[in-house]
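Laboratory data are not the source of any read-out in this text; all were calculated from the coordinates shown. Because the structure is a prediction, the values reported are computed rather than measured. Note that each Cβ is placed from the backbone with ideal geometry, even for glycine, and that neighbours are counted across all protein chains shown.
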Amino acid sequence: MIPNGTIIAGRYEIVRHIAGGGMGSVYEARDTRLRHTVALKQLVLTEPTARKAFEREATILAPLRHAALPNVSDYFDDPTGLGLFLVMEYIPGDDLGQLLNQRGQPFPVNHVLQWADQLLDVLEYLHQQGIVHRDIKPQNLKLTARGDIILLDFGISKQTTTSSVMASTPGFAPIEQMQGTGTDGRSDLYALSATLYCLLSNRWLESSITRLRSVARRQPDPLPPLHSLIPHVSRAVSDVIMQGLAL
């Protein structure tokens with residue numbers, strides 16, 4: 001962990017550690033040149049695949065401009081050996097995964113549907129740019145103080161013209177992504193549907209592979225219709241989400 005007060009690249013002063021793990025960390029920092037708060041995303045792994053994914057996130061995000069995406073202002077390899085850094089717009093607040101755990105119960109339907117509208121808008125924008133996110137889940141959605149959603153973590157995103165295969169999150173990835181047979185915009189719609197299901201039910205989903213195996217054995221799909229779990233979710237909303245989760 002980088003100590004508070006450390007100056008990175010002669011410019012970014014570490015304010016506090018936000019989150020992190022074995023791959024790296026995210027810090028709140030102050031840009032001493034422009035005098036505003038930024039988020040510093042650090043990668044400490046040296047494996048080529050990890051570095052390539054990190055670089056991909058920087059190059060994908062840098063030219064994008066959308067209200068539901070963080071702005072990227074810099075990307076560099078620290079000469080002192082601290083790793084790769086991505087400088088991004090600082091978005092205060094918790095992610096929806098944290099908030100769901102704190103609540104211990106589903107979010108209100110009207111809130112989730114508002115977030116769904118915002119996410120559908122940003123996905124349409126990304127797909128028009130030929131970008132598939134490939135890792136939509138509650139933990140990658142930040143809720144701002146104004147109640148808006150910001151989509152984060154483009155580390156396993158890809159251009160639709162490429163065929164790279166990276167990790168995915170079980171429960172939020174369609175069968176073709178789990179099997180590595182290819183992804184497109186429909187993969188993001190599956191992940192969005194899984195995310196909405198989770199937020200409305202406070203239930204984490206079985207992986208698409210587990211679901212497919214059950215169906216292949218002529219057993220019931222372990223993912224019950226949303227309205228059967230949460231009666232106040234309308235049948236119309238449930239049907240749309242379940243259609244997005246079709247195998």
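Things worth noting here:
- In plain terms, the chain from SER73 to THR46 could stretch by 7.4 nm, reckoned as 0.36 nm per residue minus the Cα-Cα distance.
- Stretchable slack from ILE91 to SER234, in nm (0.36 nm times residue separation minus alpha-carbon distance): 48.2 nm
- Legend: calculated FRET efficiency, GLU13 to HIS66, from the Cβ-Cβ distance at R0 = 25 Å, rounded to 0.05, equals 0.30.
- The Kirkwood radius of the chain, taken over pairs of alpha-carbon atoms, gives through the Stokes-Einstein law at 4 °C and 1.567 mPa s a diffusion coefficient of 68 µm² s⁻¹.
- The chain: angle of helix 185-201 to the longest principal axis, Cα-based, in degrees nearest 10: 80
- Residues in the stretch 1-29 that a label on LEU82 would reach, taking backbone N under 15 Å of a point 7 Å out along Cα→Cβ: 1-19, 24-29
- Extension gain, ASN4 back to LEU212 (0.36 nm per residue minus Cα-Cα distance, nm): 70.1 nm
- Percentage, to the nearest whole number, of Cα pairs in the stretch 7-89 over 17 Å apart: 45
- With helices as the sole contributors, the chain gives -10500 deg cm²/dmol at 222 nm; each DSSP H run of n ≥ 4 counts as -39500 (n - 2.57), and the sum is divided by every residue.
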